[in-house]
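Notes follow the structure.
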Amino acid sequence: MTDGTRSSRRSRGHATLAFVLALEADIASGRVKPGMRLLPQRDMAQRLELSVGTISKAYAEAEQRGLISGEVGRGTFVQRRRPEPRGLGSPEATINLALNVPPYTGEDEVISSVLAEIVADGEISNLLGYLPHQGLPAIARRW
């Protein structure tokens, strides 16, 4: 790899992010070309006088951003930049499944009104504990 990553030493902030931002800038400027093989993590850490852990995190972050791709025993290579996704419905769009968070559906008013009814009926205590084995009396009468 070229010495284009030297700019990561001058960057302020966390070393991992500084490395990734410097790599991104080097790719954008053309100093680091797609298909170029990066140094192994230990060699990169030694050259930049950083810890191997910092470089490992930086490589992982760069891979997550789509800047590089690595294979054990083969090496780490700079990726060709893909066009930005054009929206959630497009085939190129990616969905981050790292967090289990339901999407916003705009039903805040409905949910708050149902919760207000439950509290007003005084049934909240029934919902906060274990239910009887035979079920709630109000529900059992309906059957």
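The values are calculated or read from the model by the stated rules, or taken from the named source; none is laboratory data. The model shown is predicted, which means the values in this text are computed figures rather than measured ones. Side chains are part of the model used for accessible areas, which takes the heavy atoms of the whole protein and leaves out ligands, DNA and RNA. Shrake-Rupley method; radii C 1.70, N 1.55, O 1.52, S 1.80 Å.
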Is one or more of the residues making up the range 75-93 modelled with pLDDT of 85 or more, closer than 28 Å to residue 18 by Cα and small (Gly, Ala, Ser)?
yes
In the range 53-78, which residue that is in a helix (DSSP H, G or I) and acidic (Asp, Glu) is nearest to the chain's Cα centre (by Cα)?
61
If you go through the range 109-136 one residue at a time, how many are modelled with pLDDT of 75 or more, part of a helix (DSSP H, G or I) and open to solvent by 80 Å² or more (accessible area, probe 1.4 Å)?
9
